[in-house]
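Novice: Could you have a look at this structure, given as structure tokens, before my questions?
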Amino acid sequence: MKVWKESQLTQLSYAQKMETAYEISLNLVKNLGFNFCAFSITSQRSEIHRHQINLNNYPTEWNTKYEQEHFSEVDPILAHCNHSELPILWQEEVFSKTPTLWQAQKQQGLRYGWSQAVHDQNGLCSMLSLARSHCPITTHDLYKNLGYAMFISRHLHGLVAKDLPSSHPKPNPVHLSTREVEVLKYSAIGKTAGEIARILSLSESTVQFHIRGAIRKLGVNNKIAAVIKAARMCVI
């Protein structure tokens, strides 16, 4: 990891005010190659609606249009993130039922991006979006930057959640082995099974064995979902 990434991640981890944490996140996102960063959080609990937050550096014209046209009611990205923690790329087929939204979004320079959510036991749902006006985002780009985006979204979400009363007991912890934790940590920063094998001096088949074990214990279907759930549970 480059020094500037380490520095910005460290700064973010120490930031305890939302405004400061968002500014650090915005700088990190820009250094990762994205023009725009948006973070929003809402709650299903009526008593904590006052904690709704919507921070972004989108064009003012787009924010106004999004609100005036009530795009939130038809936004497929928002709908996905309200029900899933898996990242979703902004692609034309995702907006197939809302072409007006898709075209209006692109006209404002929000052409290529992805969003991912964090849901917690207190009913909070947050969404982090990274976007840019040039260069399509490939699956490789998404995977390479997923760990950084997860770190940002978890920290920003946590700043809101830490001051709220808990409404649900914490679930029983999942017990991952040391190796399973290690391979998930390296997976979170975009390392392939082959690269992890070389780093840990293991065979690639052994790395795959530990990945499958983590997937099974976490009750998910694939490696990305395992990384997301492990981060959500603070295992990595």
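Novice: Residue separation times 0.36 nm, minus the C-alpha to C-alpha distance between T100 and N222: what's the value?
Specialist: Difference between extended and current length: 40.6 nm.
Novice: Out of H70, S201, Q103, whose Cα points farthest toward the positive end of the dipole of the chain (charges: +1 Lys, Arg; -1 Asp, Glu; placed on Cβ)?
Specialist: Result: S201.
Novice: Which of the lysines could be linked to K106 by a straight reach, that is with a Cα gap under 17 Å, when you skip same-chain ones fewer than 8 residues away?
Specialist: K65, K97
Novice: Right, next: Springs between alpha-carbon pairs under 10 angstrom, Gaussian network model over the chain: which of S153, S129, S13 fluctuates most?
Specialist: Evaluated over the chain, the most mobile residue of the options is S13.
Novice: Which listed residue (L146, I236, Y186) has the Cα farthest towards the positive end of the charge dipole for region 130-236, taking +1 on Lys and Arg C-beta and -1 on Asp and Glu C-beta about the Cα centre?
Specialist: So the residue we want is I236.
Novice: Which of L32, H155, P173 sits farthest toward the positive end of the charge dipole of the chain, with +1 on the Cβ of Lys and Arg and -1 on the Cβ of Asp and Glu?
Specialist: Most positive-ward Cα: P173.
Novice: Here's something else I'd like to know. Build a GNM of the chain with springs between Cα atoms under 10 Å: which of A21, A117, A79 gets the top mean-square fluctuation?
Specialist: Maximum fluctuation in the GNM of the chain, among the listed residues, is at A79.
Novice: Follow-up. Quickly estimate the mean residue ellipticity at 222 nm for the chain, helices only: each DSSP H run with n ≥ 4 gives -39500 (n - 2.57), and the total goes over all residues, rounded to 500.
Specialist: Only helices count here, giving -15500 deg cm²/dmol.
Novice: On to the next question. Report the paramagnetic label zone for S133: residues of region 57-91 whose backbone N is under 20 Å from a point 7 Å from Cα along the Cα-to-Cβ axis.
Specialist: It comes to 57-67, 90-91, nothing else.
Every number in this text was worked out from the coordinates using simple rules, so none of it is lab data. Bear in mind the structure is a predicted one, so any value in this text is a computation, not a measurement. All Cβ positions, even for glycine, are placed from backbone atoms using ideal geometry, and neighbour counts span all protein chains on display.
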